[in-house]
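Participant: Let me give you the structure first, and then I'll get to my questions.
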Amino acid sequence: MKLLLVHPSPLMYSEIYLRLEPIGMERVASAALAAGHDVRMVDLQIFRHRDLWREFEDFRPNAVGFSLNYLANVPEVIDLAKAIKERRPDCFVFIGGHSGSFIAGELLEHGAGAIDCVIRGEGESATPILLEAIGDPKLSKVPGIVTRDGFGPPPQLLPDLDRFFPARHLARKRYKYFIGVLDPCASVEFTRGCPWDCSFCSAWTFYGRNYRQSSPEAAAEDVANIKEPNVFIVDDVAFIHPEHGFAVGKELEKRKVKKQYYLETRADVLLRNKEVFAYWRRLGLLYMFLGLEAIDEEGLKAYRKRAHLGTNFKALETARELGFTVAINIIADPDWDERRFEIIREWALSIPEIVHLTVATPYPGTELWYTESRRLTTLDYRLFDIQHAVLPTRLPLDKFYKELVKTQGVLNRKHLGFAALRQTAGIAARLLARGQTNFITMLWKFNKVYNAERQYQDHFRPVKYALKPPKSVGVKPSRSELYIHEARTASRVAG
């Protein structure tokens, strides 16, 4: 069977700072290839809709699968599904991905017959079974399947993370993938899942708090096969278990792999497992992202980070000692006033780290979705991108955006533009010599992408597709209501 996999277009944040390899879609592609199917991919982060239609007419796929990881991409994906059915009614259209798993039923409603099914949960196990079941009544028995007839069996976790490593050869124009100065940059996955339970996050609810690891040998072999000089480790929290980090590193040393790395982790994990991060610094780990989320104890408690302010600040000191370049995320609360924005600006300018702001957003799959949904001021999918305010703001909305963009602009001038170019002139020159322009272009794109008036006016666009709030609003849900995959003991799911 011919399968065309499609990743939707970039969001505001990724228009500037990064463009990541669609590693999840590549792993699904690998599973389909292993089952004997003919697979192609189109990544609309890089290509345009006209390129998708050229590929569609040339390949003439039997099935098209969309990777839907972000709510803001929902309208685009639904409209593309409808356009596919108009062109070829017999083409089977399905959706998978993180966000798609939490809103499967409403996607089918929005599709009005254009979407044949949604796969909830991990796609590697389900997709080959789905492709074999197209046109057969057994379609309803595919694990994780949701059709217009209802929900099928629960989704299944991939039993072994060493299977189906990314089909990277299917991603064209790979030089377009980057994150900051790591240009170009591939992605790799050592572990999957998160054992913490932050109220604003849906990573743990998607996996049912299951946590799994690739074998060190397979993980290192995957990195060794990457052609790019830079690698982003996409684990939700890197090196939770230091022994696994050391083991992967030793396998990389055996293979004489030389790369530069970027990863995400928690402040408490960095402090607890300092030795493994120091070891990886020697292997080429240069950059890390720390989701501090707040600079006061009250904010940390509200987001249930299970970390203290002192821990966060000590982690920053440790990262500096180890020689890392650190990016920090702070969640902008819609309740902030001018003074609070000013405090954040002053604090962010007083430290050497790169500080990013994201707006507090209750997503389907998070506890906040249930406890805060009655306060939503919009149900427009496009505004659920952590750059728009979807909850009531203390300031008038237009003033909130002015303060938000002003703060982001101040922080970005600290690290982007001419100041950044002076500091990274050597890196920029080497990238240009190799024909890599992603980082250079990023330095001057902020004002083009972030605009307070644009973000304010986005709230007044006609809404074609709207989110459905949960049935039980304001009530903290049970864990079973939140989970996509069933919770299991770590020993039963360890890779």
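Participant: Tell me whether region 161-182 contains one or more residues that are crowded, with 20+ Cβ neighbours inside 10 Å, among the β-branched types (Val, Ile, Thr) and farther than 30 Å from residue 475 by Cα.
Facilitator: Yes.
Conditions tested, residue by residue: (1) within 17 Å of the chain's Cα centre (by Cα); (2) within 30 Å of residue 449 (Cα to Cα); (3) at pLDDT 95 or above.
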residue: 3; (1), (2), (3): no, no, yes
residue: 10; (1), (2), (3): yes, yes, no
residue: 17; (1), (2), (3): yes, yes, no
residue: 25; (1), (2), (3): yes, yes, yes
residue: 49; (1), (2), (3): no, yes, yes
residue: 61; (1), (2), (3): no, no, yes
residue: 65; (1), (2), (3): no, yes, yes
residue: 68; (1), (2), (3): yes, yes, yes
residue: 71; (1), (2), (3): yes, yes, yes
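Participant: Additional query: Regarding region 111-123, can at least one residue be identified that is part of a strand (DSSP E or B), not polar (S, T, N, Q) and not assigned by TED's automatic domain parsing to the domain that holds residue 81? Full working, then the answer.
Facilitator: We begin by selecting, within region 111-123, every residue part of a strand (DSSP E or B); these are 117-119.
Those left that are additionally not polar (S, T, N, Q): 117-119.
Going one step further and asking which of them are not assigned by TED's automatic domain parsing to the domain that holds residue 81, we end up with none.
There is no residue in region 111-123 that is part of a strand (DSSP E or B), not polar (S, T, N, Q) and not assigned by TED's automatic domain parsing to the domain that holds residue 81.
Participant: For residue 109, are the conditions met, namely being out of contact with any strand residue (DSSP E or B) (no Cβ under 9 Å at 6 or more places or on another chain) and charged (D, E, K, R)? Spell out how you get there, then give the answer.
Facilitator: Numbers: out of contact with any strand residue (DSSP E or B) (no Cβ under 9 Å at 6 or more places or on another chain): yes; charged (D, E, K, R): yes.
Yes; evaluated as a whole, the condition is true for this residue.
Participant: Taking into account only those residues within region 166-207 that are assigned to a loop (DSSP other than H, G, I, E, B) and of a type in the set (Phe, Trp, Tyr), which is farthest from residue 369 (Cα to Cα)?
Facilitator: Initially, region 166-207 is screened for residues assigned to a loop (DSSP other than H, G, I, E, B), giving 166-167, 171-173, 177, 180-181, 183-185, 189-190, 193-202.
Right, trim to of a type in the set (Phe, Trp, Tyr) and you get 177, 190, 196, 200.
Details: 177: 32, 190: 29, 196: 17, 200: 8 Å.
By that ranking, first place goes to 177.
Participant: Answer with yes or no whether residue 349 is modelled with pLDDT of 95 or more and assigned to a helix (DSSP H, G or I). Spell out how you get there, then give the answer.
Facilitator: Working: modelled with pLDDT of 95 or more: no; assigned to a helix (DSSP H, G or I): yes.
Criteria not met by residue 349.
Participant: Taking the condition of a type outside the set (Phe, Trp, Tyr), surrounded by fewer than 17 Cβ atoms within 10 Å (Cβ to Cβ) and farther than 30 Å from residue 447 by Cβ, does residue 88 pass?
Facilitator: Details: of a type outside the set (Phe, Trp, Tyr): yes; surrounded by fewer than 17 Cβ atoms within 10 Å (Cβ to Cβ): yes; farther than 30 Å from residue 447 by Cβ: yes.
For residue 88, the condition - of a type outside the set (Phe, Trp, Tyr), surrounded by fewer than 17 Cβ atoms within 10 Å (Cβ to Cβ) and farther than 30 Å from residue 447 by Cβ - is met.
Participant: Considering only region 1-98, give the helices (runs of 4 or more DSSP H) lying wholly within it that have at least 3 residues that are under 26 Å from residue 463 (Cα atoms). Steps first, please.
Facilitator: On the way: elements: 23-34, 49-59, 74-87.
Output list reads 49-59, 74-87.
Participant: Okay, moving on. What residue, among those in region 199-257 that are of a type in the set (S, T, N, Q) and out of contact with any Pro (no Cβ under 8 Å at 6 or more places or on another chain), is surrounded by the fewest Cβ atoms within 10 Å (Cβ to Cβ)?
Facilitator: First pass over region 199-257, keeping only residues of a type in the set (S, T, N, Q): 199, 202, 205, 210, 213-215, 225, 230.
Filter again for out of contact with any Pro (no Cβ under 8 Å at 6 or more places or on another chain), leaving 199, 205, 210, 213-215, 225.
Details: 199: 17, 205: 25, 210: 22, 213: 25, 214: 24, 215: 17, 225: 14.
Result: 225.
Participant: Moving to a separate point now. Could you please let me know if residue 322 is in contact with a Lys or Arg (Cβ under 6 Å, 6 or more places away or on another chain), touching a residue at least 12 places away in the same chain (Cβ under 8 Å) and surrounded by 15 or more Cβ atoms within 10 Å (Cβ to Cβ)?
Facilitator: yes
The values are calculated or read from the model by the stated rules, or taken from the named source; none is laboratory data. Since this is a predicted model, take the numbers as computed values, not measurements. Note that each Cβ is placed from the backbone with ideal geometry, even for glycine, and that neighbours are counted across all protein chains shown.
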